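Here's the structure we're looking at; comments come further down.
The values are calculated or read from the model by the stated rules, or taken from the named source; none is laboratory data. This is a predicted model, so every value here is computed, not measured. Cβ coordinates were reconstructed from backbone atoms using ideal geometry, including for glycine residues, and neighbour counts include every protein chain displayed.
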């Protein structure tokens, strides 16, 4: 319930800044008004018929154009409707192809990580399960996360349930590491090349520094047994009935640490995928004719989705949209132009996760969340402890 509340509040904040119609901004009060019509008086002075408020609180006025601020020579700013109507379909189609290529490459990274753990599934199966995971994460976010669904089906191919879970955790960490690395490189490039000043990039620099500290802590926790011992977590989890799963996960993480060369290949495999993915979002912006420098996508998009990965709301709903507005609605570019970008950046991947629905329908029936968590060792067993281990049976088609 708390996550839904956060999502609702953030969406209300974003929508409160959005105008459906074109609008102008008062020079003195910074209040915005929807433009209903434009005309000239007998002296040739330009006038705007503007409106503010909604429903019975709405108010219309006839005011001179000089009352309103002009950003980069632009007085009337595009609203949501004009931004959407101006979309260039060829560029949008090219952008959708970039999203697909990115998902396919990421599925190969996960397949590679599974092989390091000795879990052998077909490449096509990794693609199917990746689309299935994205479908549950983006389209039907809820108690059953996409990672849990992927881990559940992957675990049915092996008795190494903890290793399957660790492979997905490592996959997530590597993805965040690559995004953090991409943002760091781009921030350094922008500052060194003089494309923007430190003052202009201050928020991005601070965000990247915090993200790098968090990612470094996650990598240290994952690959350093000594660090985990320093935290004294063994004393905590050894009291739990699922302690053996934690120990198995630690062994699986150690295997990855001993195969850093293979991990390097996995990172190299998908680093280009992130570049294609961010470029695809940039192409969406170009299709909407947004006057955004292309380097800003490579600075802010990784930051947006790293923060959006924190489970504050279902599927990052509201969080990601508000971050788009925060980082990209600058100067003459208003929230009314940025919200279509954020919605398309969410909607296009959601559309391409629909093959995951086909996988969910044609595959074996997905059990309740409690059953999946129990079989993966994430919760207490829901079945009779003396019953056979159901995960030992491998569904040949999954």
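Looking at 388, 311, just one residue is assigned to a loop (DSSP other than H, G, I, E, B), assigned by TED's automatic domain parsing to the domain that holds residue 276, surrounded by fewer than 17 Cβ atoms within 10 Å (Cβ to Cβ) and modelled with pLDDT under 85, and that residue is 311. Per the conditions (1) modelled with pLDDT of 75 or more; (2) not in a helix (DSSP H, G or I), the sole criterion not satisfied by residue 284 is (2). Within the set 102, 52, 107, the sole residue that is over 21 Å from residue 292 (Cα atoms) and touching a strand residue (DSSP E or B) at 6+ places or on another chain (Cβ under 7 Å) turns out to be 52.
Are there any strands (runs of 3 or more DSSP E) wholly within region 1-62 with 1 or more residues that are outside the structural domain of residue 313 (by TED's automatic domain parsing) and more than 36 Å from the chain's Cα centre (by Cα), and if so which?
32-40, 46-52
Taking residue 304 as meeting all but one of (1) touching a residue at least 12 places away in the same chain (Cβ under 8 Å); (2) not in a helix (DSSP H, G or I), write down the number of the exception. For residue 304, the failing item is (2). In this entry, residue 341 is excluded by the filter for residues that are closer than 27 Å to residue 153 by Cβ and either surrounded by 20 or more Cβ atoms within 10 Å (Cβ to Cβ) or modelled with pLDDT of 90 or more (or both).
The helices (runs of 4 or more DSSP H) found entirely in region 79-143 that carry 3 or more residues being in the same structural domain as residue 332 (by TED's automatic domain parsing) and over 21 Å from the mean Cα position of the chain (by Cα) are 89-116, 123-138. Out of (1) touching a helix residue (DSSP H, G or I) at 6+ places or on another chain (Cβ under 7 Å); (2) assigned to a loop (DSSP other than H, G, I, E, B); (3) surrounded by 18 or more Cβ atoms within 10 Å (Cβ to Cβ), the odd one out for residue 333 is which? Going through the list (1) touching a helix residue (DSSP H, G or I) at 6+ places or on another chain (Cβ under 7 Å); (2) assigned to a loop (DSSP other than H, G, I, E, B); (3) surrounded by 18 or more Cβ atoms within 10 Å (Cβ to Cβ), residue 333 breaks only (1).
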